[in-house]
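Enquirer: Can you read through this structure? Questions will come right after.
No value in this document is a laboratory result; all are computed from the given coordinates. Since this is a predicted model, take the numbers as computed values, not measurements. Don't worry about glycine lacking a Cβ; one is built from the backbone with ideal geometry, like all the others, and counts go over all protein chains shown.
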Amino acid sequence: MQFLNTAVNVLVMLAYAAPGYVFIKRKMVEEESINAFAKVLLLICQPCLSIYSFNKADYTPELGKQMLLFFILGTLLQLVMLVLTYLAFRKKCKTDASYSVCTIAGTLGNVGFLGVPLLEALIENKNAVAFSAVYIIGMNFISWTVASAIITGDKKYISLKKLIFNQVILTLAIALPLFLTKTKLPAVLDNSVTVLGKMTTPLSMLILGMRLGLIEFKQLYSDRKVFFFVFLKLIVFPLFGMAVVSFLPLEPYIKATLVILCCCPTASAVLSFAEMYNKGQKTAANIVLVSTLLSVITIPLLMLLVKV
């Protein structure tokens, strides 16, 4: 039952890509417009998703400590995986943008767009979504600094300025005070934030569908490195996370939350960053699509090893 429930949830989310595919094939949207969709997703919908996720839980000192530990653990897991992958393919990253994209795609997951709906469907404890918010914060810090530097080949992104002045900090400046003071947004504003936050899944899949409409299907299986990095993301990284949490004194639902987030396919944000920096867009679309398709099988299978 758990296998089927997980598979259905992933398939439903994947179905959102269909309209984007149709829009491109019927010339209803031009390729140049995809970048605008990506900016809306990264700069508007994703921050709203973070605020929504924090708003799902009621702050307590104990929960605050657990979330801080989860943030440190999740961020370190991603950094270690990303750095090790980059070191293994550093030379190729410097000469081939597609390897740079694949490198970050092997770590960064669709934890907001896909992870939050999965957590809501699979874990009864509502605090699980709040834990996803701090994981997303860590991932966003990495995305706007280390990952951006890898994609562009420009070390300027790894700086204190970039670490402090980015959309993640701006989002935290709103979300954290509300969370820590147990303040709820006015109903009308809260509804707007919720709607925009929940747009992340369909919009990210819509962008994926558009990019899919621009490639030939044979390209999906002709690039072997895509499948190698998908294997890293869908199998190696979740097992790494599973091994780490097995030794930690965390509640079962917190361990399950971290593993589910590690299991998520490559982040649609990888494609959004590729679009924004104009680097390796086709490879990014391929790896996001292939990892999302295969996650219909890998996530349910890995969930059989997790006590939800």
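Enquirer: Grab the other residues whose beta carbon is less than 12 angstrom from that of PHE231, score K and R as +1, D and E as -1, and report the net.
Expert: Values: positive: ARG224, LYS225, LYS233; negative: none.
Here the count lands on +3.
Enquirer: Quick check for me: using +1 on Lys/Arg Cβ and -1 on Asp/Glu Cβ, what's the dipole size of region 52-205 about its Cα centre, in debye to the nearest 20?
Expert: Working: 14 positive and 7 negative charges, 120 e Å.
Here region 52-205 has a charge dipole of around 580 debye.
Enquirer: Run the quick spin-label model on THR181 and SER246: label points 7 Å from Cα toward the beta carbon, then report their separation in nm to one decimal.
Expert: Reported label-point gap for THR181 and SER246 is 4.5 nm.
Enquirer: Taking 0.36 nm per intervening residue step and subtracting the Cα-Cα distance, what contour gain separates LEU170 from ASN191 on full extension?
Expert: On the way: separation 21, 0.36 × 21 = 7.56 nm, distance 2.00 nm.
So the extension gain works out to 5.6 nm.
Enquirer: Here's a follow-up. What ranking of THR283, THR145, THR95 emerges when the number of other C-beta atoms within 10 Å of each C-beta is taken as an exposure proxy, fewest first? Could you put the intermediate results ahead of the total?
Expert: Details: THR283 25, THR145 18, THR95 9.
Fewest to most other Cβ atoms nearby, the residues stand as THR95, THR145, THR283.
Enquirer: Further question: Length gain on complete extension for the stretch LEU214 to VAL236, per 0.36 nm per residue less the alpha carbon to alpha carbon distance? Don't skip to the answer; put the middle values down first.
Expert: Details: separation 22, 0.36 × 22 = 7.92 nm, distance 2.98 nm.
Here the segment from LEU214 to VAL236 would lengthen by 4.9 nm.
Enquirer: Using Cα pairs closer than 8 Å and at least 6 residues apart in sequence, work out the relative contact order for the chain, in percent. Write out the running numbers ahead of the final one.
Expert: Details: 441 pairs, mean separation 109.4, N = 308.
Computed over the chain, the figure is 36 percent.
Enquirer: Could you calculate, for region 1-59, the ratio of the Cα radius of gyration to the Kirkwood radius, expressed as Rg to Rh?
Expert: Numbers: Rg = 16.1 Å, Rh = 14.3 Å.
That ratio equals 1.13.
Enquirer: Tell me, THR181, THR257, THR152 in order of fewest to most beta-carbon neighbours within 10 Å? Don't jump to the answer; show the numbers that get you there.
Expert: Working: THR181 9, THR257 30, THR152 16.
The fewest-first ordering by Cβ neighbours comes to THR181, THR152, THR257.
Enquirer: When the convex hull of the Cα atoms of region 2-303 is projected onto a plane and the area is averaged over all directions, what value comes out in nm²? Don't jump to the answer; show the numbers that get you there.
Expert: Numbers: hull surface 60.2 nm².
Answer in nm², one decimal: 15.0.
Enquirer: Now, a different point. Taking a 19 Å limit on the Cα-Cα distance, which of the listed pairs LYS39/LYS156; LYS155/LYS279; LYS39/LYS182 fall beyond it?
Expert: LYS39/LYS156; LYS39/LYS182
Enquirer: If each residue of separation counts as 0.36 nm, what is the full-extension length gain between PHE228 and LEU87 once their alpha-carbon separation is subtracted?
Expert: On the way: separation 141, 0.36 × 141 = 50.76 nm, distance 1.58 nm.
That works out to 49.2 nm of additional length.
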